[in-house]
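Colleague: Dropping a structure here in structure tokens format, bear with me for questions.
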Amino acid sequence: MFRNNRVAWFFVIPALSFLLLFKIWPIGVSFIESLTMTSFTGKKTFVGFENYTYLFKYDPVFWNSFWVTIVYSVIVNPLIVISSLLMALLLNGSHFFTRFFRTVFFLPTAISFAVVSVIWMIVLDPYYGLANSFLTLFGLKPQPFFSSTAQALWGLIMLNVWRSSGYWMMYFLAGLQNIPEALYEAAEIDGASTLQKTFRITLPLLTRTMSFVLVANTAFNFLSFAPVYIITKGGPIGSTNLLMYESYKSAFVNLDMGRASAITSILLAIILVFSFVELRLTRAKFDY
């Protein structure tokens, strides 16, 4: 496209500079910080991989947070992807009602996670919340919601699904509208049903969109922080203590930056592993 490669670099260098400054550099600083230990006087000492060794061998709080984060991500990621895909399939049209419901489903995305967390905390309050008021109105037993070790994590999962599905729905809609209409016309001529067209045409041709949504959503959910910080504070009894929140407590409550940085480095490694596996599983094997 460009006869002179220097012209291309002129456009690429600004983006690379911002990537280096706001992504790569902080990751490097965090990793170096994870190799140090800070004393009560604020003096930093290089300790190598001692923080990692302690986390893996002697820190039950870390392991609890690790498994809570894995369970949370393994459940919430498929739920968001499936719900956003179903909404996109249902609203892939040009009728008035489809445009209306696209807006309705996308609206929660326009609300910040902090505000959404406050709203859900009020609605699901075990004593004065709107949800329990409806339950008692129909003669059902009130639920503890975020104050229960069995329900708190599920509450965070449902909050995330409600808030995020509309956002990823827009990516699936863009992918659906990029599929050539001629493929569906040919399938109709061959007598294919709606279900057959969905599984034989739509879903295979959404592979690249699915890959992007899955990887981006996975990274986003592993870094969930605001709902935990605002609603549960990692409780009750550590049942919602995600790694991101544990890193925050270590850094800003316990003032242990080495441990906090080690946790974020481990979290980055987990995200990379999950992303690699998802990219391999959803790799497109064809072009159109």
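Colleague: Restricting the first residue to the stretch 29-48 and requiring it to be without any contact (Cβ under 8 Å) to a residue 24 or more places away in the chain and on the phi < 0 side of the Ramachandran plot, which pairs with a second residue that is in a loop (DSSP other than H, G, I, E, B) and surrounded by 15 or more Cβ atoms within 10 Å (Cβ to Cβ) meet a Cβ separation below 8 Å and a spacing of at least six or different chains?
Modeller: F46/L35
Colleague: Something else about it: Would you say I201 is farther than 17 Å from V61 by Cα, in a helix (DSSP H, G or I) and at pLDDT 90 or above?
Modeller: no
Colleague: If a residue must be within 16 Å of the chain's Cα centre (by Cα) and surrounded by 19 or more Cβ atoms within 10 Å (Cβ to Cβ), how many such residues does the stretch 60-80 contain?
Modeller: Number satisfying all stated conditions: 8.
Colleague: Of A216, A251, which residue is without any contact (Cβ under 8 Å) to a residue 60 or more places away in the chain and closer than 25 Å to F101 by Cα?
Modeller: It is A216.
Colleague: Count, please, the residues in the stretch 123-162 that happen to be over 25 Å from V71 (Cα atoms) and of a type in the set (A, V, I, L, M, F, W, C).
Modeller: The number of residues fulfilling the criteria is 7.
Colleague: On to the next question. What are the residues in the stretch 94-132 that are under 25 Å from F225 (Cα atoms), in a helix (DSSP H, G or I) and more than 26 Å from the chain's Cα centre (by Cα), if any?
Modeller: Of everything in the stretch 94-132, just one residue is under 25 Å from F225 (Cα atoms), in a helix (DSSP H, G or I) and more than 26 Å from the chain's Cα centre (by Cα), namely L130.
Colleague: Any idea how many residues of the stretch 98-147 are under 20 Å from N241 (Cα atoms), without any contact (Cβ under 8 Å) to a residue 40 or more places away in the chain and among the aromatic types (F, W, Y)?
Modeller: 1
Colleague: Provide a single number: the residues in the stretch 227-267 that are surrounded by fewer than 16 Cβ atoms within 10 Å (Cβ to Cβ) and in a helix (DSSP H, G or I).
Modeller: Of the residues in that region, 1 qualify.
The values are calculated or read from the model by the stated rules, or taken from the named source; none is laboratory data. In this text the structure is predicted, and so the values were computed from the model without any measurement. Glycine also receives a Cβ, built like all others from the backbone with ideal geometry; neighbour counts cover every protein chain displayed.
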